[in-house]
Amino acid sequence: MIALRRDWRQPQSDPPVCSAQVLLKCVITINQVNYVGFEKASEKCDEALATSLPHNAFSSSSVFTSGYAPGYAKLNKRGGAGGWSPLDSDHYQWLQVDLGSRRQVTSVATQGRYSSSDWTTRYRLLYSDTGRNWKPYHQDGNIWAFTGNSNTESVVRQYLQHVIVARYIRFIPLDWSIEGRIGLRIEIYGCAYWSDVINFDGQGVISYRFKMKKMKILKDVISLKFKTSESEGVILHGEGQQGDYITLELQQAKLLLQINLGSNQYGSILGHTSVTSGSLLDDHHWHSVVIERYRRNVNFTLDQHTQHFRTNGEFDHLDLDYELSFGGMPYSGKPVSGGRKNFKGCMESINYNGENITDLARRKKLDVSSFRNLSFSCVESHTFPVFFNATSFLQLPGRREHNMVSVGFQFRTWNPNGLLLFSPLADGMLELVLVEGKVSVHINVTQKKNTRIDISSGSALSDGEWHDVRFLAKENSIMLTIDGDESSAVRTTTPIQITTGGSYHFGGFFQRTSVSPSQRSFQGCMQLIHVDDQLADLHAVEQGRMGAFENVSLDMCAIIDRCMPNHCEHGGRCTQTWDSFSCTCDGTGYVGATCHTSVYEQSCEAYKHLGKTSEAYWIDPDGSGPLGPFKVICNMTEDMVWTTVMNSLPPETSVTGSSRERRTVLQLNYSASMEQVSAVIGSSEYCEQHVTYACRSSRLLNTPECQLELS
């Protein structure tokens with residue numbers, strides 16, 4: 001190994017105090033990394049879950065007639081009219097099954113309506129724990145569409161690529177029989193599911209105390225599931241007096257894992273390691289996490305996506321003191337340090353090195369004294385998200401001929417531009433639009449004299465996170481507030497008189513009128529919509545009792561992060577819109593759609609073949625492989641090419657003196673990592689490392705003479 005490494009935690013012998021010229025032969029040690037996996041043996045999970053359910057466990061968007069009721073939609077059954085058919089065959093229809101409790105679902109099967117021309121050729125699956133806040137089934141990074149039937153009697157069974165856990169399942173017909181209408185009989189296959197659930201209120205923390213005060217841990221396995229509507233919060237934390245720690249937390253709706261197995265007092269060994277995974281994790285759906293560590297090798301798995309990494313530093317053990325806390329930092333009765341918020345949401349199936357933490361908490365074997373009210377059932381979110389595409393709109397009524405506009409909502413999107421709100425006024429128009437990631441307000445009043453007001457606020461609001469918008473306009477006063485930041489709210493006192501038109505169009509406006517918006521549509525999600533200071537009743541909208549909508553998905557936010565996992569290689573920066581992603585390769589040393597192709601040669605030899613002379617060059621020894629480029633000195637001779645990897649030290653470093661109490665430590669930082677150096681050595685005929693140590697009136701390694709040469 002091309003390195004002289006020492007564990008400075010251990011007592012050291014006297015430092016060398018003599019001069020020497022040392023020529024070391026190059027020995028490269030490549031350690032095979034074995035990642036530790038803990039995969040539970042799969043059990044048979046293939047029971048028919050729907051057949052035995054009562055009729056009232058089935059519901060639907062509509063029914064053609066009573067004989068076509070959803071309760072008749074059981075596979076191979078002929079009751080009623082032989083299956084379910086809705087009143088209208090359009091894209092707003094659905095068939096829903098209540099499984100009675102949360103179940104594991106492994107596959108589904110469909111069939112057309114018995115002895116008819118009615119079947120469904122393509123459909124989607126939605127699932128939910130509560131019959132609210134639906135989640136579409138994803139596969140290969142997209143909302144998946146399943147192939148259905150081409151006749152009435154054949155059964156088409158679809159096996160799910162990954163198991164889902166839910167109580168409610170919805171079938172959404174996308175295409176159907178050309179000769180007839182939508183027709184469905186279904187079966188759902190799976191098995192029972194049970195787990196301990198704990199509701200975290202943002203105050204309480206569970207403390208798992210170790211049997212010994214100090215734990216020196218070589219191997220860890222931590223697993224849990226969580227769901228939350230919050231974008232920030234500490235999920236687990238443990239630390240030791242030597243500076244070791246492990247923290248798992250949500251930051252900006254992403255999962256951040258931080259581990260430190262130890263650093264030394266000289267700063268030559270830094271153990272801090274930080275890895276981020278996932279995004280959009282504040283969707284109040286379940287997400288599974290597994291952390292497997294063996295020495296410095298770590299598997300970090302979030303929702304079937306695994307990252308393998310090796311911790312920084314040179315130490316193998318995680319030294320923790322006293323406890324591991326779940327739901328926040330260790331409880332001390334004081335405000336959480338560092339501005340970190342406690343976790344607010346639900347967790348289930350918490351396991352730490354074989355210990356069932358949730359079960360221990362239920363049996364009161366752990367310290368839960370910080371909870372005001374410990375609950376073992378999940379408190380569900382009361383939001384009602386709305387999902388918009390490029391042809392969607394949601395129209396809500398408001399007060400007519402009123403002299404004040406007050407609206408508010410939250411939105412999330414990847415698109416920097418879009419129409420958030422359009423409202424025809426009695427004498428003009430009002431619009432809130434997203435322009436280059438900022439919220440802009442345009443008001444045009446034509447009464448008496450033409451008055452136009454344009455204001456904007458916020459920045460980078462197309463980052464996929466939820467952002468809060470509050471807008472208030474009344475006589476001679478307008479205010480726009482983004483994300484609750486009153487201090488940066490934009491205000492104007494331009495003389496203006498507003499008279500409302502009584503109609504608010506969110507996410508799109510496609511009518512032909514004398515006044516039209518600057519943008520037509522919005523792609524993203526909205527929730528907590530307020531009109532005239534009242535929370536909009538979107539259930540009433542869904543049931544057709546107020547307002548109107550077109551091509552929106554209610555009670556669902558199906559936003560997809562196309563940059564997770566990141567398809568841009570070699571540190572390329574991924575950016576996205578609603579439909580696609582792109583890679584910015586600037587400064588990476590690579591080009592191409594995904595930053596795959598290296599712009600540098602693989603060796604000094606390759607530069608010589610191009611006719612280059614001796615100079616400093618960037619090389620990429622594995623081409624488009626995972627190793628990055630680095631700078632070397634290429635010395636081109638007539639019959640040989642030398643490649644020199646430089647370090648950060650100047651040619652000579654003066655040392656005034658050293659002792660046991662006052663050591664001299666020089667940190668050698670090379671321009672390449674050990675993996676990069678190994679790649680260069682692997683394609684070289686010869687390697688050497690040269691170290692020169694010179695001094696006066698000193699002794700090296702207690703030798704009687706001041707000259708020593710090793711080779």
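The values are calculated or read from the model by the stated rules, or taken from the named source; none is laboratory data. Computed from a predicted structure; not experimentally measured. Note that each Cβ is placed from the backbone with ideal geometry, even for glycine, and that neighbours are counted across all protein chains shown.
Being farther than 26 Å from residue 282 by Cβ and either modelled with pLDDT under 95 or hydroxyl-bearing (Ser, Thr, Tyr) (or both): is that true of residue 181 here? When the stated conditions are applied, residue 181 does not pass them. Just one residue in the set 482, 478 is closer than 28 Å to residue 391 by Cα, without any contact (Cβ under 8 Å) to a residue 60 or more places away in the chain and aliphatic (A, V, I, L, M); that residue is 482. For region 516-536, a tally of residues being loosely packed, with under 15 Cβ neighbours inside 10 Å and farther than 25 Å from residue 463 by Cα returns 3. Annotation note: of 472, 480, the sole residue that is assigned by TED's automatic domain parsing to the domain that holds residue 415, closer than 29 Å to residue 279 by Cα and either assigned to a strand (DSSP E or B) or hydroxyl-bearing (Ser, Thr, Tyr) (or both) is 480. Here is the figure for region 566-623: residues that are touching a Phe, Trp or Tyr at 6+ places or on another chain (Cβ under 8 Å), closer than 28 Å to residue 686 by Cβ, of a type in the set (Gly, Ala, Ser) and assigned to a loop (DSSP other than H, G, I, E, B) total 1.
In summary, residue 635 fulfils each of the numbered conditions (1) on the phi < 0 side of the Ramachandran plot; (2) of a type outside the set (A, V, I, L, M); (3) surrounded by fewer than 16 Cβ atoms within 10 Å (Cβ to Cβ); (4) not in a strand (DSSP E or B) with the single exception of condition (4).
Could you go through region 364-382 and let me know if any residue there is in a strand (DSSP E or B) and modelled with pLDDT of 95 or more. Looking through region 364-382, none of the residues is in a strand (DSSP E or B) and modelled with pLDDT of 95 or more.
Condition first: over 16 Å from residue 198 (Cα atoms) and either crowded, with 16+ Cβ neighbours inside 10 Å or among the small types (Gly, Ala, Ser) (or both). Now tell me which residues in region 353-370 satisfy that.
Across region 353-370, the qualifying residue is only 354.
The set of residues from region 413-441 being of a type outside the set (Val, Ile, Thr), outside any strand (DSSP E or B) and surrounded by 20 or more Cβ atoms within 10 Å (Cβ to Cβ) comprises just one member, 414. So for region 91-112 (the condition being free of Cβ contacts under 8 Å to residues at least 60 places away in the same chain and under 18 Å from residue 190 (Cβ atoms)), does at least one residue qualify? Within region 91-112, none of the residues are free of Cβ contacts under 8 Å to residues at least 60 places away in the same chain and under 18 Å from residue 190 (Cβ atoms).
Only residues that are part of a loop (DSSP other than H, G, I, E, B), within 45 Å of the chain's Cα centre (by Cα) and farther than 21 Å from residue 608 by Cα were counted in region 638-670, giving 9. Just so you know, in region 464-496 the residues that are among the acidic types (Asp, Glu) and at pLDDT 95 or above include one that is farthest from residue 406 (Cα to Cα), and it is 465. Taken over region 243-299, the criterion of being among the polar types (S, T, N, Q) and part of a loop (DSSP other than H, G, I, E, B) is satisfied by 252, 263, 264, 265, 268, 279. In region 166-219, the residue that is surrounded by the fewest Cβ atoms within 10 Å (Cβ to Cβ) out of those that are farther than 21 Å from residue 361 by Cβ and β-branched (Val, Ile, Thr) is 178.
Among residues of region 351-378 that are at positive phi, those with a Cβ under 9 angstrom from a residue that is surrounded by 15 or more Cβ atoms within 10 Å (Cβ to Cβ), sequence gap 6+ or separate chain, pair up as 353/217; 353/220; 353/221; 353/222; 354/221. With respect to residue 297, determine if the residue is more than 30 Å from residue 135 (Cα to Cα), surrounded by fewer than 21 Cβ atoms within 10 Å (Cβ to Cβ) and at pLDDT 95 or above. In short, yes.
When residue 680 is tested against the conditions (1) at pLDDT below 85; (2) under 49 Å from the mean Cα position of the chain (by Cα), the lone failure is (1). Residues that are assigned to a loop (DSSP other than H, G, I, E, B) and not aromatic (Phe, Trp, Tyr) were ranked within region 303-319; the one that is surrounded by the fewest Cβ atoms within 10 Å (Cβ to Cβ) is 304.
Before we move on, is residue 351 under 24 Å from the mean Cα position of the chain (by Cα), assigned to a strand (DSSP E or B), closer than 30 Å to residue 132 by Cβ and not assigned by TED's automatic domain parsing to the domain that holds residue 133? Criteria met by residue 351. Residues in region 198-241 that are touching a helix residue (DSSP H, G or I) at 6+ places or on another chain (Cβ under 7 Å) and of a type in the set (Val, Ile, Thr): 198, 206.
Screening residue 515 on (1) β-branched (Val, Ile, Thr); (2) assigned by TED's automatic domain parsing to the domain that holds residue 465; (3) not in a loop (DSSP other than H, G, I, E, B) shows it passes everything except condition (3). For region 488-510, filtering for residues that are surrounded by 13 or more Cβ atoms within 10 Å (Cβ to Cβ), assigned to a loop (DSSP other than H, G, I, E, B) and not aliphatic (A, V, I, L, M) leaves 6.
For region 371-391, a residue qualifies if it is closer than 18 Å to residue 230 by Cβ, surrounded by 14 or more Cβ atoms within 10 Å (Cβ to Cβ) and of a type outside the set (Ser, Thr, Tyr), and the qualifying residues are 371, 378, 380, 384, 385. Close Cβ contacts (under 8 Å, 6 or more residues apart or on different chains) running from residues in region 305-328 that are hydroxyl-bearing (Ser, Thr, Tyr) to residues that are at pLDDT 90 or above and not in a strand (DSSP E or B) comprise 311/261; 311/296; 325/205.
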